[in-house]
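Structure record follows, encoded as structure tokens.
The values are calculated or read from the model by the stated rules, or taken from the named source; none is laboratory data. It should be emphasised that the depicted structure is a prediction, and the values quoted were computed from it without experimental measurement. Because the Cβ atoms are built from the backbone with ideal geometry, glycine has one as well, and the counts that use them run over all protein chains shown. Calculation scope for accessible area: heavy atoms of the full protein, side chains included, ligands and nucleic acids excluded. Shrake-Rupley method; radii C 1.70, N 1.55, O 1.52, S 1.80 Å.
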Amino acid sequence: MRTFGTFGPAEDIVCVTEFPPSIQVADDRIVVRAAGKEMELAKTAEVAIRLLLSGNPVNLAEANHTIGPEVGKLAEVFLNAGLCGELTAELASGYQGLTPHPRSG
């Protein structure tokens, strides 16, 4: 789900594709294929790409602190492409007990 900043900037996101994204490393780039889309991204962002597309909820502030500022930029790219959605309280309830970081409503 994308709220487009209605409730402020996204704090937590999760990959919402029907099937796990394909992430292929090639030379100096990474090719991501998911939901009928293909993106070429810098290989230096591999850790952030894998985290954001893992299927687990990601707190952007924590990820920005541990990985770097590229997390926020990639999050926007994946949100705009429809690969990730903002983790609302309703969506987070589906992750309760399944992942290490479901946001508590």
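Give the Debye-formula value of log10 I(q)/I(0) at each listed q (0.12, 0.17 Å⁻¹), with one equal scatterer per alpha carbon of the range 15-104, two decimals each.
-0.35, -0.70
Counting only heavy atoms of protein chains, what accessible area per residue, in Å², does the range 19-99 have with a probe of 1.4 Å? Don't skip to the end; give the middle numbers.
Numbers: 4420 Å² over 81 residues.
Per-residue value: 55 Å².
Between GLU90 and ASN56, how high is the FRET efficiency from 1/(1 + (r/R0)^6) when r is the Cβ-Cβ distance and R₀ = 22 Å? Nearest 0.05.
Working: r = 17 Å, r/R0 = 0.78.
Computed FRET efficiency for GLU90 and ASN56 comes out at 0.80.
I'd like the trypsin sites (Lys or Arg not before Pro) in the range 1-92 restricted to DSSP loop residues with at most 16 other Cβ atoms within 10 Å, sorted by number. Walk me through the numbers before you get to the answer.
Working: sites: ARG2, ARG29, ARG33, LYS37, LYS43, ARG50, LYS73; in loops: ARG2.
Those that pass, being in a loop and sparsely packed, are ARG2.
Enumerate the calculated ³J(HN,Hα) couplings along the range 64-76 in order (Karplus 6.51 cos²θ - 1.76 cosθ + 1.60, θ = phi - 60°), each rounded to whole Hz, writing x wherever the residue is Gly or Pro.
4, 5, 8, 9, x, x, 5, 4, x, 5, 5, 4, 4
Can you give the FRET efficiency to the nearest 0.05 for LYS73 and PHE19, using r as the Cβ-Cβ distance and R₀ = 25 Å? Numbers along the way, then the final one.
On the way: r = 25 Å, r/R0 = 0.98.
Between LYS73 and PHE19 the formula returns 0.55.
Assign unit charges at the C-beta atoms only (+1 for Lys and Arg, -1 for Asp and Glu), then state the dipole size of the range 8-76 relative to its Cα centre in Debye, rounded to the nearest 20. Before the final figure, lay out the partial values.
Numbers: 6 positive and 11 negative charges, 27 e Å.
So the dipole magnitude of the range 8-76 works out to roughly 120 debye.
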